[in-house]
1. Can you find even one residue in region 543-552 that is under 25 Å from Asp246 (Cβ atoms), among the aromatic types (Phe, Trp, Tyr), more than 35 Å from the chain's Cα centre (by Cα) and at pLDDT 90 or above?
2. Suppose we keep only residues that are assigned to a strand (DSSP E or B) and at pLDDT below 85 within region 333-367. Which one would you say is farthest from Ala414 (Cα to Cα)?
3. Tally time: how many residues in region 179-235 are in contact with an Asp or Glu (Cβ under 7 Å, 6 or more places away or on another chain) and without any contact (Cβ under 8 Å) to a residue 60 or more places away in the chain?
4. Just to be sure before I move on: is Ile99 surrounded by 10 or more Cβ atoms within 10 Å (Cβ to Cβ), hydrophobic (A, V, I, L, M, F, W, C), under 30 Å from Gln67 (Cβ atoms) and in contact (Cβ under 8 Å) with a residue 12 or more places away in the chain in the structure I sent?
5. Please specify each residue of region 512-527 satisfying the condition of being more than 13 Å from Ile231 (Cα to Cα), within 31 Å of the chain's Cα centre (by Cα) and not in a helix (DSSP H, G or I).
6. I'd like the full set of residues that are among the polar types (S, T, N, Q) and surrounded by 21 or more Cβ atoms within 10 Å (Cβ to Cβ), limited to region 501-529.
7. Scanning region 407-445 for residues that are under 12 Å from the mean Cα position of the chain (by Cα) and in a helix (DSSP H, G or I), which turns out surrounded by the most Cβ atoms within 10 Å (Cβ to Cβ)?
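The values are calculated or read from the model by the stated rules, or taken from the named source; none is laboratory data. Since we're looking at a predicted model, the values are computed, not measured. Cβ coordinates were reconstructed from backbone atoms using ideal geometry, including for glycine residues, and neighbour counts include every protein chain displayed.
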Amino acid sequence: METEAAKQYLDTATECDPTKMSSFWSTVSSTYGTRYSQSLKDVQEDLREKVRQAEVVRANTWESVKQAYIELKQESLRKGRMQSIRKSLSNLSLADEAILSELNSLKKDAKAGFSKVVRRMEILAYVVPLISVIAFVCYEHPKVFMLGFIYVVVLLISLFCKVAIPSFKHKGVSWFIPYRLPEEDAKRIDEIVKEAFERSKSKPKQGLYEEEDRSKPLFILSLDGGGVKGIVLTELLDRISKEFPDFIDSVDLVAGCSTGAIVAGMLSRGFRPHEVGESFRLLAPVVFRQTAWESLKKLGCCFGSMHCGDGKLEMLRKVLGGLTMRDLNCGICITSSHVDDDLPGEHSLIRCSPRVWTNVIEHENHAYVGHHEIEEDGQLFVIEEDEPLDNSSFSCPATSKNKSALSVLDLEVADVINGATAAPVYFPSYQDHVDGGLWSNNPAMAALATVIPHREIDKIHLLSISTGYSIKDTKLGGRQHNFGLFQWLPLLVDFLMDSATRATHFNAKALLGNRYHRVVPRLPKFFELNDVSAMDELQTISKEIDLESTFRFLERAGFRRRES
C-alpha cells in the first residue's frame, strides 16, 4: 500500500511543477527513513553487544592462557627449567613455545625414568639367577653354606672396623650420639670471639675499591685448603706475626680456599693467628664429628658424606656470628664451586662453575664474580630468576633487576664460608655450593683476577701459603704407560688438584715475578683431611719449617722486622 501510494504520488508530482519534488522526498523520508534508521540503530546495537561478548570471551581466554603459562613457568622454575625465558608473555606464540618446551622436558623425564627401570631389570636379571644358584648350592651342600656364612660374618666385622669405626683415638667420633663441644671449651671460644670483636671495633670497615686507589700498593695473603692441615697455616702465620708485628694489620686482601677460607674470614674480622689456631683445635672435633652408626648406614662415604655438616655451620656461626661481608675490616676473597643443571633449552648437563666471593669490588652485572651465562647456537643466554630472592640463599644469580635485593656485601660470612668448605665426600653441599678446591686449591690467581682491573700490577705483592705437601709411598716405577681405570682412579684426584695448584703457582709467578712468594711445607707423611688426632703433630712440624726466605720476601715488600 505504501509503495503504491508513493508511486502514485510520484506520477502526480512529475506531472506537476518541480517545486512539489521536495514535498515528495520529505514524504518518502518520513515514511521509510525513520524505519530504516531505527533498524540500522538496532543492527549497530546488536553488533556492539556481540563485540562486547567477544571481548569478554577473548579476555577470559587470554587470562586462562596466561594463568596456564604462569603455572607451567612456576612449576618449571621449581624443577630448574625454562629459566632462559626472560620476558613476560606478549603473545600466544610464546605460550606455545613454553608449552612445547615443557612437553619436551616431560618427554626427557619419561625417557630417563624408563632407562632407570630398564637398568634395574637388567640388574635383577643378573642377580636373581646368581642368588638362585647360591641358594641351591647351600641347600645341597650344607658345609659350603657354613663356610659362606662364616665368610660373610668375617666380612661384616672387617667392614665395621674399617668403615664404622674410623678412629676412636681422638675427639669427634662416637658410637651413636654426635659429639658436643664441652662447656669449658665453649667458654674459651666465647672469650676469643669477644676479644676479637672488641679489637675490630677500632678498625674501619673494608670498602669497595675506588679509582683513586689504583696506584696504591696492595699486599695479598693467599691461603690454600687442606682440612685439619689448616693448623699449619695458623702456626706459620703466627710465626710470621711474631717476626713482623704489623704484618696482619698491613694485609690488604686475604684470599682463602676451603680451610683457608675459614682462616681468611677470621683474620678479616680481627682474630690473631694464634687465636685462629686455638679455635681450630677446640672446634675441629665438632666440625669433623661422626658416629659409628651413621658411618655404618652410609658404608663410610659410599652412600652419603662422611660428616653431616651441621657441626661445621654451627661452629662457623659461633665464631663469626651474623657478620656480613660488609662488616669485615679487611678485604677478603673466597673461592667456591657452584654445582647445578640450570641450563637453557634442552641441555641436561650438570656443570660446576667457579665462584669468587669478595667485598672489595661489586660486579656491574652480577653481585659476585662469575656468570650464569652459556652460549648456545651463537646466542648468549643469561639465566635469570623472576621470583623474589631470599638474601640467605647466596646461590641465586644477581641480575640488574634484583641487584638491589641481593648483594654479596649483604651475605653472611658464615654462609659463604660454609659453602666454600663443603668438600665433596667429606661434607654435603650447602645451597648448591661445594669446595673451591675442585677448580683450584690455591686461590692466588682468583685474588689476582679480582684486583688486577682495579690496581696497577706492579704495585701488587702476594704471599701464598700451602697447607703442606705430603710424601706418599706410592711409586709408579714406569708402569703408568699402560695404566687402566683401576690404576689411574686412586691417583687421578690428587693429580688433577696438584696440577691446578702448580698451574696457579706458575701463572702467579709469571705475572708478579719477585713480588710473588709461595711457602710449601714438606710433610713427612700423608695426613687425612679429617684426622683431628693429627693436629698436634702438624703443629709441631710447622714450628720447624724454615721461613727465612719468606722473611726476606716480606722485607722486600716493605714490612719492618721486629727489633732484636
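1. Scanning region 543-552 turns up at least one residue that is under 25 Å from Asp246 (Cβ atoms), among the aromatic types (Phe, Trp, Tyr), more than 35 Å from the chain's Cα centre (by Cα) and at pLDDT 90 or above.
2. That would be Arg351.
3. Final tally of qualifying residues: 0.
4. Yes: the conditions hold for Ile99.
5. Those that are more than 13 Å from Ile231 (Cα to Cα), within 31 Å of the chain's Cα centre (by Cα) and not in a helix (DSSP H, G or I): Tyr516, His517, Arg518, Val519, Val520, Phe526.
6. Answer for region 501-529, where residues must be among the polar types (S, T, N, Q) and surrounded by 21 or more Cβ atoms within 10 Å (Cβ to Cβ): Thr501, Thr504.
7. Across region 407-445, the extreme among qualifying residues is Ala420.
A quick yes/no check of all residues on (1) surrounded by fewer than 18 Cβ atoms within 10 Å (Cβ to Cβ); (2) within 23 Å of Ile452 (Cα to Cα); (3) not hydroxyl-bearing (Ser, Thr, Tyr):
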site: Glu211; (1), (2), (3): yes, yes, yes
site: Pro217; (1), (2), (3): yes, yes, yes
site: Asp224; (1), (2), (3): no, yes, yes
site: Val228; (1), (2), (3): no, no, yes
site: Val232; (1), (2), (3): no, no, yes
site: Lys242; (1), (2), (3): yes, no, yes
site: Pro245; (1), (2), (3): yes, no, yes
site: Asp249; (1), (2), (3): yes, yes, yes
site: Leu253; (1), (2), (3): no, yes, yes
